[in-house]
Amino acid sequence: MTSTLITEPAAGDISRRRPRRTPGTAPKERRSAGSRIAYVYILPFFLVFAAFSVYPWLDTAWISLHNVRLSTYDQREWVGLANYKDLLTNHFFWNAFRNTLTIGVISAVPQLAIALGIAHLLNHKLRGRTFFRVAILMPYATSLAAATVIFLELYSPQYGLINWFLDLAHLPKVDWQNSKWPAQFAIASIVMWRWTGYNALIFLAGLQAVDQELYAAASVDGAGKWGQFRHITLPGLRPTIIFAIVVSTIGSAQLFGEPLLYHGGLPDGGSAGQYQTLGLLMYQQGWANDRLGLASATAWSMFVIILAAVVVNLVISRRRDRKAA
């Protein structure tokens, strides 16, 4: 009988210790080939994004540094930052900025509060809650023009339903179109009516992600509905609330359709510009006053304002998160 002595390979003999690879493509090469194919699949998105987002964005910045007329678009006169200087010293710009801010606050704050309350109610086991979840989204699906026409009839100074109720309660009628604050409230109500249901569904999705065992534990500990809402619902919804605030801030800064249709398609924002927003001012400068350079400067000013508002919201939310931690 013969015995076979098995010896370990020497430390320096690497070729005997490593398994022999089968012929073919190396793993790194296969991964790099797959990565290149992935770039081919996502290339159409970047091409469309560059053509319809990046290029207009950069071209608008370039136009804002020129004196450009819509009638003679190819003839551009370099003016540098003169359009921005003219804009910041213009009374109409600051009036539009104040109107955008006030209408945004009047519409966004009650809208988010009401949406949060509706979402909290729909999160419970109610009879017909599926119907209500679909119904609250119907205003969002309604055409903006149709919604504005309906609200124009409601806020009509002579024959509107709102003034009819005021007269029934022996209260003075309100001029909802030529007064400043009533007109802004009317426009804000259109925004609230269209977007409250949308935000309620977003909050509802966030509520369903909160662990339900926390509510059961809080109920055992004796916490009431208000205590559960403060200490469980709101902390659990904090990322969703931040998202809704950021989106509402962007939408408020870009407010355009509601005030435009509320004044019959005119961009001056009322008889005295009492509800002219930055979006209306940009449209008026570019297409009514034939000053595309100034309109482009307004667009970039809106971008800076939106960016600053979003950064402020994020900074405040992070500070609150640090304090809560």
Among (1) charged (D, E, K, R); (2) at pLDDT below 90; (3) assigned to a helix (DSSP H, G or I) - the single one R21 does not satisfy: (3)
Residue set S317, S296; condition touching a helix residue (DSSP H, G or I) at 6+ places or on another chain (Cβ under 8 Å) and at pLDDT below 85; output residue S317
Residue satisfying all of: in the stretch 152-189; among the charged types (D, E, K, R) and assigned to a helix (DSSP H, G or I); farthest from T277 (Cα to Cα) among these: D167
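Do any helices (runs of 4 or more DSSP H) lying entirely in the stretch 206-325 carry at least 1 residues that are of a type in the set (D, E) and within 29 Å of I63 (Cα to Cα), and which ones are they?
Answer list for the stretch 206-325: 257-262.
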Report yes if some residue within the stretch 87-104 is out of contact with any strand residue (DSSP E or B) (no Cβ under 9 Å at 6 or more places or on another chain) and in a loop (DSSP other than H, G, I, E, B); otherwise report no. yes
Quickly run through the stretch 40-68 and pick out the residues that are among the polar types (S, T, N, Q) and outside any helix (DSSP H, G or I). S64, N67
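Test N95 against the stated conditions and say whether it is assigned by TED's automatic domain parsing to the domain that holds A272, touching a Phe, Trp or Tyr at 6+ places or on another chain (Cβ under 6 Å) and touching a residue at least 12 places away in the same chain (Cβ under 8 Å).
In short, no.
Which ones in the stretch 107-144 are in a loop (DSSP other than H, G, I, E, B) and closer than 21 Å to A188 by Cα? Steps first, answer last, please.
Let us first name the residues in the stretch 107-144 that are in a loop (DSSP other than H, G, I, E, B), namely 123-128, 136-137, 142-143.
Within the stretch 107-144, I136, L137, T142, S143 qualify.
The values are calculated or read from the model by the stated rules, or taken from the named source; none is laboratory data. It should be emphasised that the depicted structure is a prediction, and the values quoted were computed from it without experimental measurement. A quick note on method: Cβ atoms are made from the backbone with ideal geometry, for glycine too, and the neighbour counts reach across all protein chains shown.
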